[in-house]
2 protein chains.
Amino acid sequence: MRDHKSAARIQPITDEAQSPDLWRRCCPSFMALELLDKAVICRQGDEGHTVFYLVKGFVKLSRVTVNGDQLTTAILTEGDVFGASFIGTTGTMIEDTAMAKGPIRVFRVKPEEFRNLVSQHSNIAWELITRLTSRQLQVYHKMESILFKEVRARVAETILELAGAYGKNCQHGYELDIPLNQSELADLVGASRPVVSTILNKLRTQDILEYGREYICIKRRTELERLMTL
Amino acid sequence: MRDHKSAARIQPITDEAQSPDLWRRCCPSFMALELLDKAVICRQGDEGHTVFYLVKGFVKLSRVTVNGDQLTTAILTEGDVFGASFIGTTGTMIEDTAMAKGPIRVFRVKPEEFRNLVSQHSNIAWELITRLTSRQLQVYHKMESILFKEVRARVAETILELAGAYGKNCQHGYELDIPLNQSELADLVGASRPVVSTILNKLRTQDILEYGREYICIKRRTELERLMTL
DNA sequence: TTCCAACTGTTAGCTGGCAAACAGCCAGAC
DNA sequence: GTCTGGCTGTTTGCCAGCTAACAGTTGGAA
């Protein structure tokens, strides 16, 4: 079984794309923002006349369906782009609410200007393309899991994925860098909160995980990995 | 409810990207292929040292999970790119088998050369970016449906989506251009074949659909649309 | 210090859809 | 023609996970 996820997730960003000067040159409307945890960057339903480039930190993309069901589509990292789905250049609606998880730094520009930037810097264009492609793969993989694995496996998978990309060592083992509570985890996994809660609890009694209100820590990784495959 | 899918799906392709000469200039390995229905273009598990650009026709991307479950990830149209997920430029595995649905025309090049092409033609780069982004949106939407809608609604949705993008008028109403049998539809919907079969049957007796071995035809679109929203 | 809001834990009952299994049907091969 | 393989139609259990509902916890605000 390939684990492209944990491997592919964090790619080094070309320094070029991080340089405010570069952006400023192409984009009159350029602005760098520093935001705090839980800040809402853009909201589902807004007219998408802005492109955001995440320079540092994590952003959660989530949506609410017409029936009020909650779903988290993705957790973004450094180098990801979101906001306007610059499809037709014309005002498309934003599909997901973007919220800072922990403090973040983002660049903000207008879509037309972003297009300029990309057109004039082929390596930024290429980076964007590879990123979009790998996000693509991730989503397909997640769909596969949702369709064919049971919630227990998906919880394990999701936690490992988060740990792989955004984890750091702590005293027990490996702690997630992202503050997530159980409902949020459930939304991310695509399952109901009660089920996720029970699963986590069982994992704790088995000494595989340790967790509290807003953190999760992996104690026995290999066990988790075993669970992942149903 | 927005129907970005049927709307956004078919975008006119810039003629530029269609020109073999242009490709030939950047890509020594360039080759244009004409393939017949059911031809396999690349196979899940292959080393991905080729990029394909679909010039004309439809391509089905599907995969088999470790447990043998079948899943169709996408149906591609003119202008879509597939094959190597040119993430790390290095040999990544291909995740989905690509099969021609009906006769097709594709361009084939090496990933490095494709990168050249894209770097030297910013509007091709941009087109690719917008396409990837809109495919992104579609997948998220599909995930949402899988999680929160029942199979009946998903069947309706899928058929409408296919019709919107790839349909043409026929004597009864609106016929899908793509040859799909029930198992294939089931794989695309993310449901089991028996369930899909029963649903289709019921839709036929309700005079909403007409279908046969490899074709589907919508007779009462508005009814289908009503079903779509559960 | 107490109170409240937001989080976690747990149960009970219901149900959509799955797997398995089989029967009819059709189309092209021979 | 007739045979065979693949497609379609349908039924029967069965169960994972959902909703609803409630109880226990906890941490910060007042």
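The values are calculated or read from the model by the stated rules, or taken from the named source; none is laboratory data. Everything quoted here is computed from the prediction, not taken from an experiment. Here the Cβ positions follow ideal geometry from the backbone for every residue, glycine too, while neighbour counts run over all protein chains shown.
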Can you pull out every residue in the stretch A:178-199 that is surrounded by fewer than 19 Cβ atoms within 10 Å (Cβ to Cβ) and either in a loop (DSSP other than H, G, I, E, B) or not hydroxyl-bearing (Ser, Thr, Tyr) (or both)? A:Pro179, A:Asn181, A:Gln182, A:Ser192, A:Arg193, A:Pro194, A:Val195
Condition first: surrounded by fewer than 21 Cβ atoms within 10 Å (Cβ to Cβ) and touching a residue at least 40 places away in the same chain (Cβ under 8 Å). Now tell me which residues in the stretch B:137-160 satisfy that. B:Leu137, B:Gln138, B:Val139, B:His141, B:Ile146, B:Lys149, B:Glu150, B:Val151, B:Arg152, B:Ala153
More than 9 Å from DNA strand D (Cβ to nearest atom), in contact (Cβ under 8 Å) with a residue 60 or more places away in the chain and of a type in the set (Lys, Arg): is that true of B:Arg226 in this structure? no
Of the residues that sit in the stretch B:217-230 and are part of a helix (DSSP H, G or I) and within 14 Å of DNA strand C (Cβ to nearest atom), which one is nearest to the other protein chains (Cβ to nearest Cβ)? B:Met228
In this structure, is B:Thr92 within 27 Å of A:Ala125 (Cα to Cα) and touching an Asp or Glu at 6+ places or on another chain (Cβ under 6 Å)? no
For the condition over 21 Å from A:Val118 (Cβ atoms), at the interface with another protein chain (Cβ under 9 Å from one of its Cβ atoms) and among the aliphatic types (A, V, I, L, M), what is the one hit in B:Leu71, B:Leu54, B:Leu33? B:Leu71
Count, please, the residues in the stretch B:207-216 that happen to be modelled with pLDDT of 90 or more and either loosely packed, with under 13 Cβ neighbours inside 10 Å or touching a Leu at 6+ places or on another chain (Cβ under 7 Å) (or both). 5
I'm trying to understand the selection: among the residues of the stretch A:187-210, which are among the β-branched types (Val, Ile, Thr), farther than 17 Å from A:Leu61 by Cα and within 11 Å of DNA strand D (Cβ to nearest atom)? A:Val195, A:Val196, A:Thr198, A:Ile199
Do we find that B:Ile159 is more than 9 Å from DNA strand D (Cβ to nearest atom) and more than 24 Å from A:Thr65 (Cβ to Cβ) in this structure? no
Can you tell me which residues in the stretch B:95-131 are in contact (Cβ under 8 Å) with a residue 12 or more places away in the chain, at the interface with chain A (Cβ under 10 Å from one of its Cβ atoms) and β-branched (Val, Ile, Thr)? B:Ile124, B:Thr130
Single match in A:Gly68, A:Gly83 (criterion: small (Gly, Ala, Ser) and either in contact (Cβ under 8 Å) with a residue 60 or more places away in the chain or in contact with a strand residue (DSSP E or B) (Cβ under 6 Å, 6 or more places away or on another chain) (or both)): A:Gly83
Would you check which residues across the stretch A:57-88 are of a type outside the set (A, V, I, L, M) and assigned to a strand (DSSP E or B) and list them? A:Gly57, A:Phe58, A:Lys60, A:Ser62, A:Arg63, A:Gln70, A:Thr72, A:Thr73, A:Phe82, A:Gly83
Among (1) under 16 Å from the mean Cα position of the chain (by Cα); (2) over 20 Å from A:Lys60 (Cα atoms), there is one condition A:His121 misses while meeting the rest; what is its number? (1)
Residues (closer than 19 Å to B:Ile75 by Cα and outside any loop (DSSP other than H, G, I, E, B)) located in the stretch B:37-52: B:Val40, B:Ile41, B:Cys42, B:Val51, B:Phe52
From A:Glu175, A:Glu184, A:Glu214, grab the single residue that is away from chain B (no Cβ under 12 Å), within 22 Å of A:Phe58 (Cα to Cα) and away from DNA strand C (no atom under 11 Å from the Cβ). A:Glu175
Whichever residue in the stretch B:96-110 is over 21 Å from B:Ile178 (Cβ atoms) and surrounded by fewer than 20 Cβ atoms within 10 Å (Cβ to Cβ) and, among such residues, is farthest from the chain's Cα centre (by Cα): B:Lys110
B:Arg220 being within 16 Å of DNA strand D (Cβ to nearest atom), more than 30 Å from A:Trp126 (Cα to Cα), surrounded by fewer than 21 Cβ atoms within 10 Å (Cβ to Cβ) and of a type in the set (Lys, Arg): no
Is one or more of the residues making up the stretch B:39-54 more than 16 Å from DNA strand C (Cβ to nearest atom), within 28 Å of A:Thr92 (Cα to Cα) and not basic (Lys, Arg)? yes
In the stretch B:180-230, what residues are within 16 Å of B:Lys149 (Cβ to Cβ) and of a type in the set (Val, Ile, Thr)? B:Val189, B:Val195, B:Val196, B:Ile199, B:Thr229
Being touching a residue at least 60 places away in the same chain (Cβ under 8 Å), under 16 Å from the mean Cα position of the chain (by Cα) and farther than 18 Å from B:Tyr140 by Cα narrows it down to one of A:Gly190, A:Gly164, so name that one. A:Gly164
